[in-house]
Each structure stands twice: as structure tokens, then as C-alpha cells.
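Report on one structure; see the data block that follows.
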Amino acid sequence: MSSTQPPQHVCSTFGLREVEPVALGADWDGGWRCGDVVLSAVADHARAAWSAKVRETLAVDAVRLARPVRATDGRYVVSGWRADTFLEGSSEPRHDEVVSLSLRLHAATAQLERPRFLAQPPVAPWADVDVFVAADRAAWETVPLRTARAAGALEDLTPDAKRSVDVIGQLATLRKPVRSPDQLVHGDLFGTVLFDGAVAPGVTDITPYWRPAAWAAGVVVVDALSWGGADEGLIARWEDLPEWPQMLLRALLFRLSVHTLHPRSTPDALPGLLRTADLVRLIL
């Protein structure tokens, strides 16, 4: 999330010379609105350019997608900034609708090829994207957190992070092999879907992972239960999804791993994850 206003040369390159940027909130990850365009700071150039290219033509049933706005020279990213069409709306605790949206979105992304950057391991010194890559691998690799440990990321852990590691080790023993095929999914839908009354929900970006579609739905449910005030029945309402208990388990391990590894994690986030862990254990 960026609190720094986009530089004037970036605005000019996107054709926004005479528009005063207005700061947006968390719904746009700290982006800046310039008329009908939103400028957002980019954490990873390759992922930002990939998302823009996909969203340029992707069609999803009953979903509004923010379309990329190219710079005057055709680029998607300029000096660490991207531009997208503005969508009305804000995040709301409509958790079942977000899960439903994830299924429609991933039916549309199922035909996309795996981007090369998703096969790359985290590289020290780690940026935010490396933390999420390592956390994603932790949920699926034979020895959880092996990638992170090999990179020295588990040294000097806080007591809170050590507690999280212990829970990861316990939950990992409950994993079973899964057969659901991997595909391109958006792994961060909770809190990022924009609702505007009865209008189709909006998606401003795609955070890419190469995992089963039901796993991405599981991440939404884990997030909603842990931090969004969702009712416990949310798990049962989606129990018909393929390999649902294992997908929820892998999603929970992913979020616990993010909590362990991310330098901005706070102890306040762990109690919600522990409550969700208790609920997931009941269905395994």
C-alpha cells in the first residue's frame, strides 16, 4: 500500500496531466484516483504486467473487472506504477458472494497458462512477494516451511511466530494427497472485491497462484472466518467443492505461514487463525 502520490511524469505518461490525484483506501491497496483512472504502486513488475495483460481481455460472468489503462507508449507499468479503470464500490462482508465470484472467476482463468515467474523460488533479500511465495510452498511441500528454513527465514522468530510454526507442524500431519488439478487462480480475494448494491461485484487486480480452484475459495473462507466475522456455517455451505477439507487445510497452512514469515505480521492476527484451525480440524 503506497502513501506516496504518483510522480507527475507518471501521470503524464498515462495521459493524466491535468488531473489531481485523490488518495483511495485499502480497497484499492493505497491507489490514487485520477478521474476515471486509478494509479497504483507496483510491488512486482512482472506480476503487475501479467495481471494487466490478462485483465485486458478476460471475460467473467457477472463480474466487473478493472481494465488496464496503457501508457501513451503502450506500457502497462511506468516507473513502478500501473493504471486501471476505476470501479465504484467498496469491500463488504458478503463472504458467500465472494466465494461464488471466485468460482466464476476461476472457471474463466482455467485456460490460462502458468506464468514463468510462479515457478521461481523466493530470493534473498526477500521482498513481500517472496514471503507469499514461500508461504504458498510451505502448505504443499513435504516438509512444511522447508523452503523458508533453507533461506534462513525462520531464524530469530518472535514468540508469536514460534507458536504459529508449532501449529503448522501439527496441522501438516493431517494433510492427505489431493488430486484436484492446479490452474491459475486469484489467491487474495478476501477484502478486495468491490460491492456496489445490486451491481455485479468488481475485481481490481489478480494475485496469481498456481493451485486448485477450490484452494482459492478456501483462502477466502479462512480469511473470512479469521478476520472477517463470518459465521461458522460458511464452511458447510461450500462443502460440495472438490476435496474441500484438504483445500481448507492447505489454505489455513498458507495463511499461518504468511503470519510466521511476514515482517509486518502482528500478534493480533493469530487468535483468529487459531479459531479457524479448530473449525477446520472438526471436518478433517
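With the requirement that a residue be open to solvent by 100 Å² or more (accessible area, probe 1.4 Å), assigned to a helix (DSSP H, G or I) and under 22 Å from residue 133 (Cβ atoms), what does segment 146-161 give you?
Within segment 146-161, 146, 149 meet the criteria.
Might you check whether a residue that is surrounded by fewer than 13 Cβ atoms within 10 Å (Cβ to Cβ), over 25 Å from residue 208 (Cβ atoms) and of a type outside the set (A, V, I, L, M) occurs anywhere in segment 41-61? For segment 41-61, residues surrounded by fewer than 13 Cβ atoms within 10 Å (Cβ to Cβ), over 25 Å from residue 208 (Cβ atoms) and of a type outside the set (A, V, I, L, M): absent. Candidates are the residues of segment 123-145 that are free of Cβ contacts under 8 Å to residues at least 24 places away in the same chain and of a type in the set (Asp, Glu); the one that is surrounded by the most Cβ atoms within 10 Å (Cβ to Cβ) is 130.
Take residue 116 and decide whether it is open to solvent by 60 Å² or more (accessible area, probe 1.4 Å) and at pLDDT 95 or above. In short, yes. Does any residue of segment 54-68 turn out to be in contact with an Asp or Glu (Cβ under 7 Å, 6 or more places away or on another chain) and touching a residue at least 40 places away in the same chain (Cβ under 8 Å)? Checked against the condition, which is being in contact with an Asp or Glu (Cβ under 7 Å, 6 or more places away or on another chain) and touching a residue at least 40 places away in the same chain (Cβ under 8 Å), segment 54-68 yields at least one hit.
Across segment 181-203, what is the number of residues that are in a loop (DSSP other than H, G, I, E, B), aliphatic (A, V, I, L, M) and open to solvent by 50 Å² or more (accessible area, probe 1.4 Å)?
Residues of segment 181-203 in a loop (DSSP other than H, G, I, E, B): 181-182, 187-192, 197-198.
Now restrict to residues that are aliphatic (A, V, I, L, M): 189, 198.
From the residues that got through so far, the ones that are open to solvent by 50 Å² or more (accessible area, probe 1.4 Å) too are 198.
Qualifying residue count for the region: 1.
The residues in segment 132-160 that are among the aliphatic types (A, V, I, L, M) and either at pLDDT 95 or above or farther than 19 Å from residue 263 by Cα (or both) can be counted, and the count is 7. Of the helices (runs of 4 or more DSSP H) that lie entirely inside segment 210-284, those containing 1 or more residues that are in contact with a strand residue (DSSP E or B) (Cβ under 7 Å, 6 or more places away or on another chain) and within 17 Å of residue 190 (Cβ to Cβ) span 213-227.
Out of all the residues in segment 90-111, which are in a loop (DSSP other than H, G, I, E, B) and closer than 19 Å to residue 224 by Cα?
91, 92, 93, 94 - these are the residues of segment 90-111 that are in a loop (DSSP other than H, G, I, E, B) and closer than 19 Å to residue 224 by Cα.
Inside segment 97-120, residues that are among the β-branched types (Val, Ile, Thr) and over 14 Å from the mean Cα position of the chain (by Cα) make up a count of 1. Against the list (1) of a type in the set (S, T, N, Q); (2) open to solvent by 30 Å² or more (accessible area, probe 1.4 Å); (3) modelled with pLDDT of 95 or more, the condition residue 257 fails is (2). Can you work out which of the residues in segment 6-40 that are among the β-branched types (Val, Ile, Thr) and in a helix (DSSP H, G or I) is surrounded by the fewest Cβ atoms within 10 Å (Cβ to Cβ)? Per the stated criteria, the residue is 13.
The values are calculated or read from the model by the stated rules, or taken from the named source; none is laboratory data. Remember, it's a predicted structure, so these values are computed and weren't measured experimentally. We place every Cβ from the backbone using ideal geometry, glycine too, and count neighbours over all the protein chains shown. For accessibility, only protein heavy atoms count, side chains too; no ligands or nucleic acids. Shrake-Rupley method; radii C 1.70, N 1.55, O 1.52, S 1.80 Å.
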